[in-house]
Structure formats: C-alpha cells, structure tokens
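J.: I have a structure here, written as structure tokens, and I will follow up with some questions on it.
The values are calculated or read from the model by the stated rules, or taken from the named source; none is laboratory data. All values derive from a computational prediction rather than experimental measurement. A quick note on method: Cβ atoms are made from the backbone with ideal geometry, for glycine too, and the neighbour counts reach across all protein chains shown.
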Amino acid sequence: MEDRFSRRSVLSGTAALLAAGPALAQRHTLTAADILSRMRVNIGTEWREGGVDRIIAGSPDMPVQGIATTMMATFDALKAAAAQNLNLIITHEPTYWSHQDRLDQLLDDPLYQRKLRYIQDHQLIVYHFHDHWHAKQPVDGINTGMARKMGWTGYRDAATPRLYRIPPTTLGDLMRAFQAKLKDRTLRAVGDPALAVSKVMTSWGNCSSFPGIPFLDGEADILVIGEAQDWDLIAYAQDLVAAGRKKGLVVLGHVLSEQWGMEFCADWLKGFVKEVPVRFLPLIEPYWNPARPVFEINTKT
Amino acid sequence: MAEQPAPQRNAQPDFLRAPPHTGPITALQFISRILDKTGAPNRDKTIDHVAAGDPTTAVTGIATMALASMEGLKRAAAAGRNLILSYDPPFWSGNDDLDRIEGNSLFLEKRDFIRAHNLVCFNLHDHWRDRAPDGVAEGMAKALGWTQYQAGNPALLHLPPTSLESLARDLQSRLDDPTIRVVGDPKLEVRSVGAMWGTANQMPAIKLLNSPVDVVITGYAREWEAVEYVQDMIATGQKKGLILLGEVASVDLGMKYCAEWISSFITEVPVEFIGSSKAYWSVG
C-alpha cells in the first residue's frame, strides 16, 4: 500500500516550488506531483479529498516522460501507453475493477499481481481522475468532450449544461447518429423509435435511479446515459413508456458514453503541460453482438 | 333452506373443532407456504418482502414474473392473478427504497393501480436463489435444454464443444434476446460455462472467471468491474469470454419454472408465468 501521508507532503512541497516561480520549477525533473499540482490549479473548482481521485499505482515523485489520458486503465490501455513511452496514465475509471480500486480482496488475485508487476516494470504512474474532472467548472469535463464529439456544443442549454436542444430528430435517427459517431455496436434504447426528439438530457457514464428519475421526468424528451442497472433506471424508463409518457432512454455503454471527455482532458492538459507529450488513448468498445462478431482489442501481445 | 340436522348430544363444542378450510387464502398464507417449500433459510438481510399491497388480501391467482413492471402488473390483473411474485421489485430499486419517490407521479400511478386491482407484490428473489438447487439456475438450465450438462451444480455446465459466437447466437435465438452483448474472441472454444443468472457482482464474478470455465454468462455486470476484468484476462492471453444477456432475459425463464414449481403444490388458485417484454431495442 502506498503511504498517503508522504504523498501529501510531496504534493504540498511541489506547490511551494511552483509558487516560487517557473525558474525554480524548471530546474527539477518533471514529476507526477508537478502535473497533479497544475491540474489542481487549473480545474477551476475546489479540490476535495475523500473521493476516488488518487494515485492508484506508482508514486508522485516519479519522473514523467509523457502523459496518456484514457477512459479506463485496462491492461490494454496500459500497454498502449507504455509502448508510446507515456508513463503517467490519467484514467477516468478504475484500474483494479471497482470504483474505489479496493484491493483488500484482490491481493492474491493473479491478474491483480500481474497488472501491478506490469505497472512497476514499466515505471508507470496511474492517476484516477474521476470526481474532479466531472466537477470541472464551468462545465463537467466529460460533458464538454462528449458534446464536442457529437457536434452539440452550440446546442447546450445555458442554465442546465447537461441539457441539449438539438435539431428535431427521432429516437431511432438519434440512435443511428450515436452509433456512427461513437462507433457503438451495442447501444440500446427504451422507447418508441419514432419518438420526436429535440431536447436531450445527458448523464454520461453510470446513472442510477437518482438523478436518473428526475432527469427522465424533466422537460427533456429523452435521457442519454452510459449504463444503469436493469432493475432501477431501465425499469423506470420501461414503466414510463408503458404508462404512455412520450419519453425515451438511450444506453450507450459506459466507456463509449464518456471517453471523448478524456480526449478533451488531453487537450486541457496540453494547455499547461508543455514539457512532455500528452495523448488521448481511445478504447475500443468492450462488446460485440452476434450481428457483427468481431475480436478487437487495443493491443494483442 | 335445508333442514338443520339435530345436534348430537356428545358432539364436540364448535370452538374445539378445526373449521374446514374453505374460505379464501390470503397472500401471506400463500407466501409462507412458498417460502417454506423453498427450504431456504432466511437471510439476515433479505430483499424478499411484500413490496406493495395488503398481505391479508384474498388471492384469486398467482403470477410469477422477472420484473414487476407496469406492463406485467396490468397483464396479471387482467388475468385475475393478484398475487405477484417477481424476481425484481416494482419500485425501481433493489430494496424498494421509497424515500425519494413518494411524490413521483409514476409511483403514484403504479401504487394506485396496485391498490385498485387488489394486487399484492412480493419480491421472491433470495429464497428462490437460495433454494437447493437454485431455482433460477434450474429453470434456465431446463429452458435451455442444459440439465444434462450440469456438472453437479445447475450453474456450472459442460457443453458440447462450441464457439463463443455460436453460443451467443444460440442464446440470442432461444431467449429471444436482441440486445445480447459479448466480450471476447468470437472463435473462442467453449466447453465449460459458468452461469451467474441475474447480476454478476465484482468478486463472485472474478472468482468464477478464475475457475476453469471458458465463459461466464450473466444478465448484468458493471462496466468497470467484471467487464474490464475479463478484458484484462484476454489482454494477458487468457482464453475467456463473457456474455451479458440483460437482467430480465437472464432470469425470465427461471421465473417460468417458478410458476411450474408452485403449481406442483398450490392447487387452490391458478398459477401463471407472465413473460416480460424486451427491455431494449437497438439499431442494426
């Protein structure tokens, strides 16, 4: 386990260095702690402890040769990053298969051990960047990136950044637009394909009954999410449609529903990290369906 | 009016004689019989409970279903089946947490429908899974014709050799599941399947994936837990696959078997399985 205490002291030490001016900062090797300090300064929102954002593997004093942003620190993503000499991986979702990256039940797990060894052998640092990227001001970083990918930036509601007023379409046509733009083989929907859609509420990523139910009950025609449990929000949407409400729900898959937000994250980092390359590593959709069976993973070694 | 027989002198007084059970049977009485018959112990914390309705209601018929959806309740009410036994509950949360839903118009509509039709909704989940054998696993194996392949455990199956793609196609057509999703190499050779009907939670799924099974079949797994774990296994050269059917498709026929099983010991009222319509559609 890492020593959280020493990480904090390193971070605060680095902040002091930065405050002293660029001349001092230039003299020392660029470390993960330096990058994290700059992220704190640039996020535009208060930095809070207690969420899931933390260094998952590696240490803050390690030198950074390059930065990879990605949606999920899958083994494939780590390999792709290592192959490009991008040793700081900024991931929106976990490394060790739970939201909190809990390890208590995984210490003897062979895949955990193998992944950790790979990270250590390649001098990787993995940073979980979830809560603060969503909390970014003035707009959630994931929302900004997804809107950009969909070409919806100009349609965003001024008061409610999750809400988009798109040119009138139908649920079926919008599904096809998502399929084409996000390369989404297995997106799913609840509702009438002919439903007229012009107001779209978005909750990229996972969306539980709350806030999902109020989003579906609001002024939007449809809600777009990454995933939800079948017995909560999905069941609610089914009942809403069965009760005659003109509503729909689009379920894109978690990775595809958020990952272009991490492309925007790479662009954001480039604004204040000039010393090393910063690249977004897109992931391939995890799934296929029998209509189009494919075997695509990012790296095969 | 038939003439009353003259009372016998030595007859027992009425209050000592058990009355013949000809009156209506309440939901609670049926629920107790069903739970007893599962033989499953009560979990310390269980989600099996009366989620809606008055448990003293006289039962006119029993309906089993995967999810107590609005559509399922309407079909049950139309058929006169007022005791609903569902794997997943009516009010859109695992434990029917109503705190934030009380003023919700769809909640009121569904609750009022349940009241107006004298329905009683019971969540039959834990006892049905804890039964020996697991009722859902047994029902799914029966429906898929897999009972002969069970390896001492209805959720562990040694199938005739097939590929991941063929298995997925077979499940798609037999479960009529248009939105089945698969992780892994379509050409993966499959002989051994571990089934986690319903939901695959993180650690049980990881343990099953590390056992000698080629494929895990489940309804739903979070796309940051078992889905990525199997992707990582594949990325390190392990030959594994994961099939996600959707929760309802993965338990529906387990609740069909539940109706057959209940019919074997409840004969006073009709017992019927109500199949769920598809949760989702997709675009080709």
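J.: Of these, A:V255, A:V276, which one is crowded, with 20+ Cβ neighbours inside 10 Å and over 23 Å from A:L195 (Cα atoms)? Walk me through it before giving the result.
T.: Details: A:V276 fails: crowded, with 20+ Cβ neighbours inside 10 Å.
One residue alone meets the criteria, A:V255.
J.: Specify which of the listed residues (B:T26, B:T38) is of a type outside the set (D, E) and in contact with a helix residue (DSSP H, G or I) (Cβ under 7 Å, 6 or more places away or on another chain).
T.: On the way: B:T26 fails: in contact with a helix residue (DSSP H, G or I) (Cβ under 7 Å, 6 or more places away or on another chain).
Testing whether each residue is of a type outside the set (D, E) and in contact with a helix residue (DSSP H, G or I) (Cβ under 7 Å, 6 or more places away or on another chain) leaves just B:T38.
J.: Do you know which of the residues in the stretch B:124-166 that are crowded, with 22+ Cβ neighbours inside 10 Å and touching a Leu at 6+ places or on another chain (Cβ under 8 Å) is farthest from B:G94 (Cα to Cα)?
T.: The extreme case among them is B:L164.
J.: Tally up the residues in the stretch A:219-248 that are surrounded by fewer than 24 Cβ atoms within 10 Å (Cβ to Cβ), more than 25 Å from B:N95 (Cβ to Cβ) and not basic (K, R), please.
T.: Residues in the stretch A:219-248 being surrounded by fewer than 24 Cβ atoms within 10 Å (Cβ to Cβ), more than 25 Å from B:N95 (Cβ to Cβ) and not basic (K, R): 4 in total.
J.: May I ask you to list the residues in the stretch A:219-246 that are more than 12 Å from every other protein chain (Cβ to nearest Cβ) and of a type in the set (G, A, S)?
T.: Step one: of the stretch A:219-246, the residues more than 12 Å from every other protein chain (Cβ to nearest Cβ) are A:219-224, A:246.
Result: A:A220, single match.
J.: Among the residues of the stretch B:96-115, is any within 9 Å of another protein chain (Cβ to nearest Cβ), under 20 Å from the mean Cα position of the chain (by Cα) and not in a loop (DSSP other than H, G, I, E, B)?
T.: The answer is no; no qualifying residue exists.
J.: Going through the stretch B:95-121 one residue at a time, which ones are farther than 20 Å from B:T56 by Cα and either surrounded by fewer than 17 Cβ atoms within 10 Å (Cβ to Cβ) or of a type in the set (V, I, T) (or both)?
T.: B:N95, B:D97, B:L98, B:D99, B:R100, B:I101, B:E102, B:G103, B:S105, B:L108, B:E109
J.: Among A:P282, A:P293, which is the only one that is surrounded by fewer than 20 Cβ atoms within 10 Å (Cβ to Cβ) and away from every other protein chain (no Cβ under 14 Å)? Break it down stepwise before answering.
T.: Numbers: A:P293 fails: away from every other protein chain (no Cβ under 14 Å).
Going through A:P282, A:P293 in turn, just one is surrounded by fewer than 20 Cβ atoms within 10 Å (Cβ to Cβ) and away from every other protein chain (no Cβ under 14 Å): A:P282.
J.: Considering each of A:L281, A:L223 in turn, give the residue that is within 30 Å of A:H28 (Cα to Cα) and in contact (Cβ under 8 Å) with a residue 24 or more places away in the chain. Outline the logic, then answer.
T.: Values: A:L223 fails: within 30 Å of A:H28 (Cα to Cα).
After applying the criteria, what remains is A:L281.
J.: Here's a follow-up. All but one of (1) within 12 Å of chain B (Cβ to nearest Cβ); (2) in contact with a Ser or Thr (Cβ under 6 Å, 6 or more places away or on another chain) hold for A:L252; state the number of the condition that does not hold.
T.: For A:L252, the exception is condition (2).
J.: A further question follows. Which residue, of A:Y112, A:Y127, A:Y164, A:Y118, is more than 17 Å from the chain's Cα centre (by Cα) and assigned to a strand (DSSP E or B)? So that I can check it myself, show each step before the final result.
T.: Working: A:Y112 fails: assigned to a strand (DSSP E or B); A:Y127 fails: more than 17 Å from the chain's Cα centre (by Cα); A:Y118 fails: assigned to a strand (DSSP E or B).
It is A:Y164.
J.: Can you tell me which residue among B:D232, B:D170 is more than 23 Å from A:G226 (Cβ to Cβ) and at pLDDT 95 or above? Steps first, please.
T.: Values: B:D232 fails: more than 23 Å from A:G226 (Cβ to Cβ).
After applying the criteria, what remains is B:D170.
J.: Name the helices (runs of 4 or more DSSP H) wholly within the stretch B:188-264 that hold at least 1 residues that are surrounded by fewer than 21 Cβ atoms within 10 Å (Cβ to Cβ) and in contact with a strand residue (DSSP E or B) (Cβ under 7 Å, 6 or more places away or on another chain)? Steps first, please.
T.: Values: elements: B:202-209, B:226-235, B:247-263.
Filter on the stretch B:188-264 gives B:202-209, B:247-263.
J.: What tally of residues in the stretch B:167-176 results from selecting those that are surrounded by fewer than 16 Cβ atoms within 10 Å (Cβ to Cβ), in a helix (DSSP H, G or I) and not basic (K, R)? First the steps, then the outcome.
T.: Step one: list which residues in the stretch B:167-176 are surrounded by fewer than 16 Cβ atoms within 10 Å (Cβ to Cβ), which gives B:170, B:173-174, B:176.
Still in the running and in a helix (DSSP H, G or I): B:170, B:173-174.
Cutting the leftovers down to not basic (K, R) gives us B:170, B:173.
Selection size over the stretch B:167-176: 2.
J.: Given the structure, is B:T267 among the hydroxyl-bearing types (S, T, Y) and surrounded by 16 or more Cβ atoms within 10 Å (Cβ to Cβ)? Working first, answer last.
T.: Values: among the hydroxyl-bearing types (S, T, Y): yes; surrounded by 16 or more Cβ atoms within 10 Å (Cβ to Cβ): no.
Here the answer is no, as B:T267 does not meet what is asked.
J.: Of the residues that sit in the stretch B:45-94 and are in contact with a Ser or Thr (Cβ under 7 Å, 6 or more places away or on another chain) and in a helix (DSSP H, G or I), which one is surrounded by the fewest Cβ atoms within 10 Å (Cβ to Cβ)?
T.: Filtering first and then ranking leaves B:E71.
J.: Report, ordered by the first and then the second residue, all pairs with beta carbons closer than 8 Å, sequence separation of six or more or different chains, a first member in the stretch B:175-193 that is within 13 Å of chain A (Cβ to nearest Cβ) and more than 23 Å from B:N210 (Cα to Cα), and a second member that is buried (at least 20 other Cβ atoms within 10 Å of the Cβ) and among the acidic types (D, E).
T.: Pairs that qualify, where the first residue is within 13 Å of chain A (Cβ to nearest Cβ) and more than 23 Å from B:N210 (Cα to Cα) and the partner is buried (at least 20 other Cβ atoms within 10 Å of the Cβ) and among the acidic types (D, E), are B:L175/B:D252.
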